[in-house]
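Engineer: Dropping a structure here in structure tokens format, bear with me for questions.
Bear in mind that the values in this text are calculations on the coordinates, not laboratory data. None of the values given here were measured: they were computed from a predicted structure. Methodologically, a virtual Cβ is constructed for each residue, glycine included, from the backbone with ideal geometry; neighbour enumeration extends over all protein chains shown.
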């Protein structure tokens, strides 16, 4: 793996390549042609074009990545010397639940970790919520972390202030295990490693990042980190959510994917969006995390209107339209009367496993069946 680390760094951070495009390429060279990543990078431009169907722009991206292999090799050696490890998606050490939950469309090609990798193989839950959470929500996070630790379940959190930090600190307090999912490159987490050095050495904390190792904290990385938190867990507990932001979007996306999500039943005096999430399909739980199957949330007039609004996520309608023929983004927006921008729609289509891009001007899209493509790497 050490020899191939530079190649994986190069591939994992190709600019403008979505997870789906990257994972389909990995499936092709690793499973279909049974090549190592080093072998793939040594192929000619003609092979890249003829065997893999890559376009000129994509080939240029690979050539540029290839020219950076020396610096990536130095980076990989430095990381190894400092105790970091790289886990590519083809490795048996890669989190199976992450692949299962995120599939080819969203699973990152490479994980950077420090700590006990075996933690990723254990049963796990995510505890999430607002940065400016109430004391009641923080106490709820503490209760769930205590129960999870007693049941030997790993607690996944994002190291943000508020609920995330409470979940981590409670897991440590109750002698449990945790995964910290960073919104930055793993080599920039210096103070965090100092603060949790003992827990990392003892094998109770794993630090994980999917971003370039030296990437500083950025708001967009914090949002991109959230699906990894949800993806690493089999159950998700929500202490508190507003009606926008990372927690809200993560839960709504999880409900759409039929994930098991538990939301704390709020008190009548609380001003949050917990009831709205329960109304949307999350499972209400009491302060100890026990499901309240008969709970019927009372929504404010504002939230009732929110619930009745047409969904701003048009995913199903877009996919159904693409099953009927080929369309460019302007045609899709016009036919479905979407409020999305053309860029947002293109980004959405780029990362959907059931969509194929037709190389015409302008680009056109249609639906496809990728079940066979995904099986080799994501249904192992």
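Engineer: Evaluate the relative contact order of the chain (contact order divided by residue number), counting alpha-carbon pairs under 8 angstrom at least 6 apart; express in whole percent.
Structural biologist: Relative contact order of the chain: 15 percent.
Engineer: Right, another one. How many nm separate the modelled label positions at residue 324 and residue 296, each set 7 Å beyond the Cα in the direction of the Cβ?
Structural biologist: If labels sit at residue 324 and residue 296, their model points lie 3.8 nm apart.
Engineer: Sticking with this structure for a sec: Pulled fully out, how much extra length does the chain show between residue 151 and residue 258, if you take 0.36 nm times their separation in residues and subtract their Cα-Cα distance?
Structural biologist: 36.1 nm
Engineer: Still on this model: Please express the shape of segment 117-308 as an equivalent ellipsoid: the semi-axes are the square roots of 5 times the eigenvalues of the C-alpha gyration tensor, given largest first in whole angstrom.
Structural biologist: 28, 18, 14
Engineer: Here's something else I'd like to know. Over segment 117-308, what is the mean sequence separation of C-alpha contacts under 8 Å (at least six apart), divided by residue count, expressed as relative contact order in percent?
Structural biologist: On the way: 377 pairs, mean separation 39.2, N = 192.
Relative contact order of segment 117-308: 20 percent.
Engineer: Can you sort 259, 264 from fewest to most other Cβ atoms within 10 Å of each residue's own Cβ?
Structural biologist: 259, 264
Engineer: Suppose a student asked you for the relative contact order of segment 3-85, using Cα pairs under 8 Å spaced at least 6 residues apart; what percent would you report?
Structural biologist: Working: 49 pairs, mean separation 37.9, N = 83.
Across segment 3-85, relative contact order equals 46 percent.
Engineer: Now, a different point. Counting other beta carbons within 10 Å of each residue's own, what order do 247, 36, 339 fall into, fewest first?
Structural biologist: Least to most surrounded, the residues fall as 339, 36, 247.
Engineer: Provide 208, 298, 75 in ascending order of the number of other Cβ atoms located within 10 Å of each residue's Cβ, fewest first.
Structural biologist: Going from sparsest to densest Cβ surroundings: 298, 75, 208.
Engineer: Could you work out the helix-only [θ] at 222 nm for the chain, with each DSSP H run of four or more residues adding -39,500 (n - 2.57) and the total divided by the number of residues, to the nearest 500 deg cm²/dmol? Don't skip to the answer; put the middle values down first.
Structural biologist: Working: 19 runs with 174 residues, N = 380.
Only helices count here, giving -13000 deg cm²/dmol.
Engineer: Provide the FRET efficiency to the nearest 0.05 for the residue 69-residue 135 pair, computing r from the beta carbons and using R0 = 45 Å.
Structural biologist: 0.30
Engineer: Please work out the Cα center distance from segment 34-56 to segment 115-147, rounded to the nearest Å.
Structural biologist: Rounded to whole Å, the Cα centres lie 43 Å apart.
Engineer: State the Kirkwood hydrodynamic radius of the chain in Å, one decimal place, computed from all pairs of distinct Cα atoms. Display every interim value, and only then the final one.
Structural biologist: On the way: mean 1/r = 0.0450 Å⁻¹.
With all distinct Cα pairs of the chain included, I get 22.2 Å.
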